Amino acid sequence: MPVLGEQARAADDRGHRSRQSVDTLRRMFYLTFRPAMEWDRIAVEKTSVDQLLRRVILPLLLLAPVATVIGMKTFDRDWDPLHGYLVPSEQIFAAGATTYFASVASIFVLAAIFVLLAPMFGAPRDYVAALKVAAYGAIPVFLAGATLLLPAMAIVGMVAVCHTLYLYWHGVRRVLQVKEGSQTEFVGISVLLLAVASVVVGAAASSIGFI
């Protein structure tokens, strides 16, 4: 009987993970083609930082570093000195790991910036809601990371950034309750502050020899 109970629990766990995968795929589809309706669903959805981390942020952000590591090993300067990756072989793993952890941190920092700016735009401060917008809105960029087998495919990421900005424009209004007509300013300031923070942290890390 204990064995049957363990098998039943294992089957339930597999079913639960399968449903989560289907839900994530459905969310990707609707955020692409019906973003307003999907943001309304996200706004009322009960979730937590841990769930967002495990179901969205950590798995999807793996796509870019995995693709770039494969690309650096396969399409390097020996393959093509002009169009291949120029990262030395002994630095490939470090580059992939740095990309991954920096990307994860950037989502949390962007959510913190949303929370910081929210009262200035008539919105309440809610970190979980802000993390929802930061994570789900960045899904196009997450997915574009899978194309980075070649440096030239960065153009796909540029297109994805445009769609992510559009999703943020919708999300800050429908999830964070930013005042109507203020979304463009809110998103623009948030992204600018994120860029400044990234430059400052990157410069500091470089000065101490971390990167």
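The values are calculated or read from the model by the stated rules, or taken from the named source; none is laboratory data. As the structure is a computational prediction, the values presented were derived from the model and not from experiment. So basically every Cβ, Gly included, is an ideal-geometry build from the backbone, and we count neighbours across all protein chains shown. Accessible surface areas use protein heavy atoms only, side chains included; no ligands, DNA or RNA. Shrake-Rupley method; radii C 1.70, N 1.55, O 1.52, S 1.80 Å.
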What nm distance separates the two modelled labels at Lys73 and Phe101, each placed 7 Å from Cα along Cα→Cβ?
2.1 nm
Quick check: with the 1.4 Å probe, what order do Glu185, Glu90 take by accessible area, largest first?
Glu90, Glu185
For the stretch 111-180, with all protein chains present and a 1.4 Å probe, just round the carbon and sulfur fraction of the accessible area to a whole percent.
72 percent
So what J values fall out for the stretch 136-151 if you push phi through Karplus, 6.51 cos²θ - 1.76 cosθ + 1.60 with θ = phi - 60°, rounded to Hz, Gly and Pro as x?
5, x, 8, 3, x, 5, 4, 5, 4, x, 5, 8, 7, 5, 10, x
Simple spin-label estimate for Val128 and Ser182 in nanometres, 7 Å along Cα-Cβ
2.4 nm
Can you sort Lys73, Lys46 by solvent-accessible area, 1.4 Å probe, largest first?
Lys46, Lys73
Read phi for every residue in the stretch 87-96 and hand back ³J(HN,Hα) as whole Hz from Karplus 6.51 cos²θ - 1.76 cosθ + 1.60, θ = phi - 60°, with x for Gly and Pro.
6, x, 4, 6, 10, 5, 4, 4, 5, x
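Place the peptides 95-102, 63-70, 172-179 in order of packing, highest mean first, counting for every residue the other Cβ atoms within 10 Å and averaging per peptide.
172-179, 63-70, 95-102
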Taking H as built 1.01 Å from N, whose amide H comes closer than 5 Å to the amide H of Val87, not counting residues under 5 places away?
none
